[in-house]
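Notes for the one structure printed next.
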Amino acid sequence: MRLKGKVKSYIREKLNDGKVIHFSLFDPDKVDENQVYYLGKKLVEAGTDAFLIGGTLGVSQEKLDKIISSLTEFGLPTIIFPSNVNLISSKADAILFMSLLNSDDLYYVVGAQLVAAPIIKKLGLEVLPTAYIIIGHGGTAAHVGKARVIPYENIELILAYSLMARYMGMEFIYLEAGSGAPKTINPLAIKAVKSNVDDAIIIVGGGIRDEESGKLLASAGADIIVTGNIIEQDSEKALKIIKEIKSMRRK
Ligand SMILES: CC(C)=CCC/C(C)=C/CC/C(C)=C/CC/C(C)=C/COP(=O)(O)OP(=O)(O)O
Ligand SMILES: O=P(O)(O)OC[C@@H](O)CO
Ligand SMILES: [Mg+2]
């Protein structure tokens, strides 16, 4: 089943039903092609809601296409998480159309988006307008994206960026601690964004490795929880996180 054009409403319906959403992130460079189906099946059975596909280093278009195709069989949305314009695929349903708002390089704020927009139009991918805000450790994405990383505890600044994003019309706010970050996003920052930014869908990711942190971030107001590394490193742990998140109800 293809979900092109229906991904945003799929997400909104789940949120309106009081559910917390989980996205499983696959890095095409890190995942073994032969394992994708087996791994995907377990994640789906545990209750994951969608697949994010992306990575910063070493991702080829060919591998990206292959991974998306293998995941399509599960009937869940496949969403590209792009690090650059070369990672756009007609095989996906949607793309996080991200602007890295706290980058010092205009390329990551509007440049890549300018080049990508006509390609996305031609391919007919659904667009999820996303403010990408990198906080704390930041990981590889911060380095490559030349992010002026926001300190973990600077809630005032995180809130100001989030408000700015929403006032500019962005619907998704991705609070990113960086892939493999030693510390997740500060729950107090999520609380502040949740209670002050109207009608935004808050995505939280980076460094989520156990069910307690997943629960804490979701309780603070995260609408969508992303896990990446833990799926590659300890899939059983990842399944536990998903089950925990999916047992929760949003306030
Ligand atoms: C809209 C389009 C086409 C592009 C936007 C391009 C932007 C704004 C990129 C932001 C900067 C960036 C490099 C983001 C990367 C996001 C991503 C895919 C992170 C996944 O984590 P990895 O960086 O692969 O981490 P590890 O492999 O180390 O786990
Ligand atoms: O790999 P982890 O640490 O789960 O991070 C997920 C995602 O937010 C990275 O962009
Ligand atoms: Mg990666």
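The values are calculated or read from the model by the stated rules, or taken from the named source; none is laboratory data. Keep in mind that this is a model prediction, so the values were computed, not measured. Virtual Cβ from ideal backbone geometry, glycine too; neighbours counted across all protein chains shown. These accessible areas exclude ligands, DNA and RNA; they are computed on the full protein's heavy atoms, side chains included. Shrake-Rupley method; radii C 1.70, N 1.55, O 1.52, S 1.80 Å.
Observations on the model:
- Here the accessible area is traced with a 1.4 Å probe on the protein chains. For the chain, carbon and sulfur cover 53 percent of it.
- Rounded to the nearest 10 Å², the accessible area of Phe97 at probe 1.4 Å: 60
- Against the compact-protein benchmark of 2.2 N^0.38 Å, the Cα-based radius of gyration of the chain scales to 0.91.
- Amide H contacts of Lys19 (H built 1.01 Å from N, in plane; Pro and chain starts excluded): Arg250 sit under 5 Å, all sequence-distant by 5 or more or on other chains.
- Measuring between alpha carbons in the structure, the pairs from Lys191/Lys215; Lys63/Lys237; Lys30/Lys183; Lys4/Lys121 lying more than 19 angstrom apart are Lys63/Lys237; Lys30/Lys183.
- Segment 225-234 - phi-based ³J(HN,Hα) in whole Hz, Karplus 6.51/-1.76/1.60, Gly and Pro as x: 10, 10, 10, x, 3, 5, 5, 6, 8, 7
- Helix-only CD estimate at 222 nm, as mean residue ellipticity for the chain, using -39500 (n - 2.57) per DSSP H run (n ≥ 4): -12000 deg cm²/dmol
- Between amide H atoms placed 1.01 Å from N, distances below 5 Å from Phe97 occur with Leu128, Thr130, all of them 5 or more places distant or on a separate chain.
- Accessible area per residue was computed with a 1.4 Å probe on protein heavy atoms; Arg250 scores about 70 Å².
- Exposure ranking of Leu71, Leu188, Leu106, Leu163 by accessible area [1.4 Å probe, largest first]: Leu106, Leu188, Leu163, Leu71
- Length-normalised contact order of segment 74-156 in % [C-alpha pairs under 8 Å, at least 6 apart]: 30
- Cα-centred dipole magnitude for the chain, charges only on beta-carbon of K, R (+1) and D, E (-1), debye, nearest 20: 540
- The Kirkwood hydrodynamic radius of segment 63-194, based on inverse pair distances between different Cα atoms, is 15.5 Å.
- Normalised by the number of residues in segment 7-246, the mean separation of alpha-carbon contacts (under 8 Å, six or more apart) gives a relative contact order of 19 percent.
- Residues of segment 59-103: accessible area per residue with a 1.4 Å probe, Å²: 30
- C-alpha center-to-center spacing [segment 152-220, segment 30-49] in angstrom: 26
- Length gained on full extension, Asp234 to Gln35, computed as 0.36 nm times the residue gap minus the Cα-Cα distance: 70.3 nm.
- For the chain, a Gaussian network of Cα nodes joined below 10 Å ranks Asn16, Asn154, Asn84 by mean-square fluctuation, and the top entry is Asn16.
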